[in-house]
Amino acid sequence: MREFLAKEKELFEIIDRIETDILKFVEPVNSLVQKKRFFNALKKGLEYNPLFSYLPRNILFTYFALSHEYSQIIRKLKEFEFKEEGLEKLLNKKRNETIKKIELVRSIGSKAFPARSVAYYGKPSRRLVKKAFEILEKKPKKDLGKRFGSERVAKYLQNMLNKKRIDWKVVLDENMSANAMVLPAEKIIKINSNETYTLREMQRLFVHEVETHAYRHINASMQPYRLLLEGAGAEWLETEEGLAVINEVLFKKSSDALIREYAGRVVAIHFATRYSFYETFKHMREYFPTEKAYKLTQRAKRGCPTAEPGAFTKDYFYLEGMFSVKEFLQRGASLNGLYYGKIAISELETIKQAPVLKKPKHLPDYRKADFDAIESLPV
């Protein structure tokens with residue numbers, strides 16, 4: 001174990017020199033201004049593709065030039081060689097994943113971004129796209145519950161965190177494509193200040209953001225292995241988002257409309273890889289109200305030149321992950337094992353063989369879950 005931890009430390013000392021937080025940098029900082037321009041043009045019958053701008057990235061690299069130090073970091077990463085067995089094979093996976101990820105972050109806003117997104121995240125299969133379209137054919141019931149502002153939601157989540165004695169903060173952000181976002185390294189949960197939420201949606205955010213994303217991160221921080229805190233490859237994210245969706249179902253915080261939205265994210269990627277922002281939006285409006293169609297289009301077009309085909313493909317993980325975790329449960333497996341940290345279902349057996357592995361401390365109360373509810377999900 002000592003030898004492994006030394007190798008892991010050496011690898012992460014290199015990784016830490018490069019900024020790889022894709023979600024932090026792929027969110028447009030001018031989304032509100034561009035949304036207003038888009039709809040002003042739409043009212044006049046004009047085609048407009050938003051011109052998004054993004055946070056500046058690590059000074060070691062831009063998409064115009066590579067610094068000598070950046071080139072050295074890439075070279076050192078490629079030089080790392082680990083055994084293809086046990087935890088060490090996950091170090092190999094982490095090395096390869098990191099090289100792809102820093103190239104993805106580096107290319108935000110450029111023509112190279114869509115291809116690098118596919119190289120890192122993959123893309124939805126034909127089977128998944130077909131299933132997503134089938135889900136969209138069913139019209140959801142309208143949620144007529146009372147809606148609350150974002151400040152009320154932030155207060156609710158902060159109170160729940162305090163009750164669980166979790167030292168994280170909830171903050172509001174007006175420039176977000178999502179309703180909520182977890183920034184684990186900063187111990188922050190962001191809430192979209194422009195949205196309103198029903199009580200059920202507020203409770204869903206707790207299940208999704210806290211009892212899935214935050215719990216997995218906190219449990220990982222108690223392990224001796226940093227791999228569990230950072231994740232070895234993009235597959236852990238598919239498992240995590242799928243687990244979050246399944247948790248929503250198990251604790252009765254999901255709905256047909258929500259599953260339909262996850263399907264909409266897959267369809268938005270499908271259209272975005274083929275069309276511009278404007279054309280993607282037109283297609284999405286055939287399935288969703290105008291505001292929702294725009295939101296789904298923006299999620300799929302983040303980081304991409306919006307006047308051209310290309311997508312940020314991460315969002316298919318929600319639906320794909322839902323099916324994967326559902327199948328995992330139907331095999332009789334326990335979800336508790338997925339809370340060791342940021343691991344994929346396919347990595348679980350390898351992780352369980354690791355010495356000095358601590359049992360997850362923070363878990364949803366699955367005694368209160370309705371496991372029969374997963375049978376109502378699409379097949």
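Each value in this text was obtained by applying a stated rule to the coordinates, not by laboratory testing. As the structure is a prediction and not an experimental result, all values here were calculated from the model. So basically every Cβ, Gly included, is an ideal-geometry build from the backbone, and we count neighbours across all protein chains shown.
Between amide H atoms placed 1.01 Å from N, distances below 5 Å from L172 occur with I191, all of them 5 or more places distant or on a separate chain. Partners of K146 within straight-line reach, counting aspartates and glutamates whose Cα lies under 18 Å from its Cα and excluding those fewer than 8 residues away in the same chain: E195, E201. Evaluating 6.51 cos²θ - 1.76 cosθ + 1.60 at θ = phi - 60° for every residue in segment 220-229, the Karplus couplings come out as 5, 5, 8, 8, x, 9, 5, 3, 6, 7 Hz, glycine and proline recorded as x. Taking a ≥ b ≥ c as the square roots of the Cα gyration tensor eigenvalues, segment 195-297 comes out oblate, since a/c reaches at least 1.5 and a/b does not exceed b/c.
Placing +1 at every Lys and Arg Cβ and -1 at every Asp and Glu Cβ, with all other atoms neutral, what dipole size does segment 191-244 have around its Cα centre, in debye to the nearest 20? Please report the intermediate quantities before stating the final value.
Details: 4 positive and 9 negative charges, 40 e Å.
Value, rounded to 20: 200 debye.
The residue list L243, A333, L296 was ranked by how far each Cα lies along the charge dipole of the chain toward its positive end, using unit charges on Cβ atoms, and L296 comes out on top.
Listed peptides 84-95, 297-308, 212-223 appear in the order 297-308, 212-223, 84-95 once ranked by packing, highest mean of other Cβ atoms within 10 Å at the front. Only helices enter the 222 nm calculation for the chain: every DSSP H run of n ≥ 4 contributes -39,500 (n - 2.57), and dividing by all residues gives -15000 deg cm²/dmol, rounded to 500. For Y287, no residue whose modelled amide H falls within less than 5 Å of its own remains once neighbours fewer than 5 places apart on the same chain are excluded. Between the C-alpha center of segment 247-302 and that of segment 111-141 there is a gap of 10 Å.
Quick check: from the Cα gyration tensor, does segment 42-185 come out rounded (a/c under 1.5), prolate or oblate? Taking the square roots of the gyration eigenvalues as a ≥ b ≥ c, segment 42-185 is prolate. Of all lysines in the structure, the ones whose alpha carbon falls short of 26 Å from that of K131, not counting any fewer than 8 places away in one chain, are K123, K139, K141, K142, K252, K253, K282, K292, K295, K301, K314, K326.
Only the Cβ atoms of Lys and Arg (+1) and of Asp and Glu (-1) were treated as charged; on that basis the dipole of segment 219-344 about its Cα centre amounts to roughly 220 debye. In terms of other Cβ atoms within 10 Å, K9, K358 run from fewest to most in the order K9, K358.
To the nearest 20 Debye, how big is the dipole of segment 129-240 about its Cα centre, given +1 on the beta carbon of each Lys and Arg and -1 on that of each Asp and Glu?
Values: 20 positive and 16 negative charges, 120 e Å.
That gives a dipole near 580 debye.
Checking the a/c ratio against 1.5 first, then a/b against b/c, what shape does the Cα gyration tensor give for the chain? Mind showing how you got there, number by number?
Values: a/c = 1.61, a/b = 1.14, b/c = 1.41.
Verdict is oblate for the chain.
Taking P360, P309, P289 in turn, the Gaussian network model of the chain (Cα-Cα springs below 10 Å) assigns the largest fluctuation to P289. Put a dot 7 Å past the Cα of R17, heading toward its Cβ, do the same for F39, and the two dots end up 4.7 nm apart. Under the simplified labelling scheme, the S71-K89 pair shows an inter-label distance of 3.6 nm, with each label point 7 Å from Cα along Cα→Cβ. Backbone amide hydrogens, once placed in the peptide plane, bring Y54 within less than 5 Å of V29, excluding anything fewer than 5 places away on its chain.
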